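Q: Could you have a look at this structure, given as structure tokens, before my questions?
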Amino acid sequence: MELSRPIPRPHMAVTLPEILREITSFLPNYDLHKSVTLVSRGWEDAARKRLLSRVCVNLTPENVAGYLEATKIRGKHHKHVFLRDFNFENLSREESKKLENFNFTATTPINKLRLDYFPYGWFIHPRVVTLFSHCPRLESVTFSPKTLRTQTLKSSPPKDVSFPKVVAFEISLASDYSEFEEVMRSIKLPDFLGIISIFPNLKILRCTALSQNIMEYFLSDKTSIREISVRLRNTDPLISIQNRSIFLTGIEFLVGIAANSRNYDVILAIFADQLEKLKLVAEYNLPRRLFELADVQVLVTINLPKVLPRLKCLEIGIVREASFGNKMERVPGLHLNFGGYSLQVPVLEKLVVAELDECEPRYRDPNDLEEGQEWFELCAGFFSRYFLLGECQTVREVTFPLPPGKRVGFKLFQKLGGGRNNVISELVDCSDFYERIVTTFPNLRWEMFEGVDPERVEEWVRIGSEIGLLTKEKLKLK
């Protein structure tokens, strides 16, 4: 009599949500959305929860009721929320009721909260504090005022309240730049410390338009901030830090037009031996002519220190909209003095060149990107100029945008020529360009381009070979 074989038990990854959560944390949004949701119900649930934790939902007085109704049916709420158009200082009765319903039904999962709000009177309004108190998992708070309203009602600052789990605080620019900067730079140090006093364990500070003396305070040994974002003006005096912070390991520079690059260099020199993460954001795109001629009036040069011995992550942020001159002849308004990988950044592991906006979902269909080709060529030109040089054995992860649609080639800027300094570009095959990336960084750990479809890569190679763009017969893909 033949013994019946025992039914094999499913792998633990199929049954344990903890393992699924760990696996999905390493997957890009494109794969979660297009592939993981099709594996099984368990994997679909884990993928959708991960997407909910990454994607920001924008809620207004007009759509918040519909959001609450929809989430009541499916039982899943977003963890990253942006509340817009709520006048917290002077809510109408209807808005107050909607906000109260939101507080009691949808706030428990929230860990990142963005508000269309500004702390008038240099303290956080009690209604906002009440909202925080209903978010037990809250870790990140951003104030992003669309407009700077005139305060009509006065209230007392909250007392004896604190939110120790909040580690990140930001006041970002959403209104007119000059008006916003004027208000921010009028804040005195004691007033700003009062605003953030309800966050006793703050580690990440992104309030870029603050006055220089406040920035100097948070760069000093008087705080335990780990990461800070800085925007410096060309009229700022030379920065002075008596005793530097021993906790600061991450710096973001927002680089505008004719900014004081000297102060950027000073900060980098002071923290060179302890920086682990550096992010440079070019806030404007400029005509190539100014870039090639190194026009010091508008072009900002960041001089990286001779060695950044602990730097593991280097990010370059490039805006889409802000530009001057002909859009097809523009480059990011940022110039780097970068001397190479092995000596200057010997332990670099991650390199990012992209548009970075935390309030937007990371997944975007490459076929639907606005001005996608121009945007891709903008990033490719910058990446090729500074980072596709030599070889880097330490980089394990690269983030870089994809070419739009099914294009197999693009224009890569080479030089200016002719009487009018016309742009001379080279037609480059997409697959050849990405092969240059793989050659420059031979130890990439996993799939680095979010949304890359293998069939699409094969299509690039096939068409590129047919029209004679590829110089190699085969593209080796890992």
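Every read-out reported here was derived from the displayed coordinates using simple, explicitly stated rules and does not represent laboratory data. Keep in mind that what you see is a predicted model, and the values were worked out from it rather than measured. Here the Cβ is made from the backbone with ideal geometry for all residues, glycine too, and neighbour counts use every protein chain on show.
Q: Taking neighbour Cβ counts within 10 Å as the exposure measure, how do 247, 192 sort from fewest upward?
A: Placing the least packed residue first, the sequence is 247, 192.
Q: Let me ask another. Can you compute 3J(HN,Hα) from phi for each residue in the stretch 122-128, using the Karplus curve 6.51 cos²θ - 1.76 cosθ + 1.60 with θ = phi - 60°, rounded to whole Hz and x for Gly and Pro?
A: Couplings: 6, 8, 7, 4, x, 5, 5 Hz.
Q: What are the ³J(HN,Hα) values, in whole Hz, obtained from phi via the Karplus relation 6.51 cos²θ - 1.76 cosθ + 1.60 with θ = phi - 60°, for each residue of the stretch 339-352 in sequence order, with x given for Gly and Pro?
A: x, x, 7, 4, 8, 8, 10, x, 10, 4, 10, 9, 10, 10
Q: Amide H to amide H under 5 Å from residue 252: which residues, 5+ apart in sequence or cross-chain, H placed 1.01 Å off N in plane?
A: 228, 229, 230, 279
Q: Do the alpha carbons of any pairs in 76/312; 98/159; 97/159; 79/350; 98/146 sit beyond 31 Å of each other, and which pairs?
A: 76/312
Q: Quick one: which residues, 5 or more positions from residue 399 or on another chain, have an amide H under 5 Å from its amide H? H modelled 1.01 Å from N in the peptide plane, none for Pro or chain starts.
A: 351, 352, 353
Q: Could you please rank 165, 188, 279, placing first whichever residue has the fewest other Cβ atoms within 10 Å of its Cβ?
A: Fewest-to-most ranking of 165, 188, 279: 188, 165, 279.
Q: Further question: Could you work out the Kirkwood radius for the stretch 189-252, taking every pair of different alpha carbons, averaging 1/r and inverting it, reported in Å?
A: 12.2 Å
Q: Amide H to amide H, which residues 5 or more places from residue 220 or on other chains are under 5 Å from it, using H placed in the peptide plane?
A: Here the answer is 245, since their amide H atoms fall under 5 Å of that of residue 220.
Q: Sort 141, 319, 64 so the one with the fewest other Cβ atoms within 10 Å of its own Cβ comes first.
A: Ascending number of Cβ neighbours within 10 Å: 319, 64, 141.
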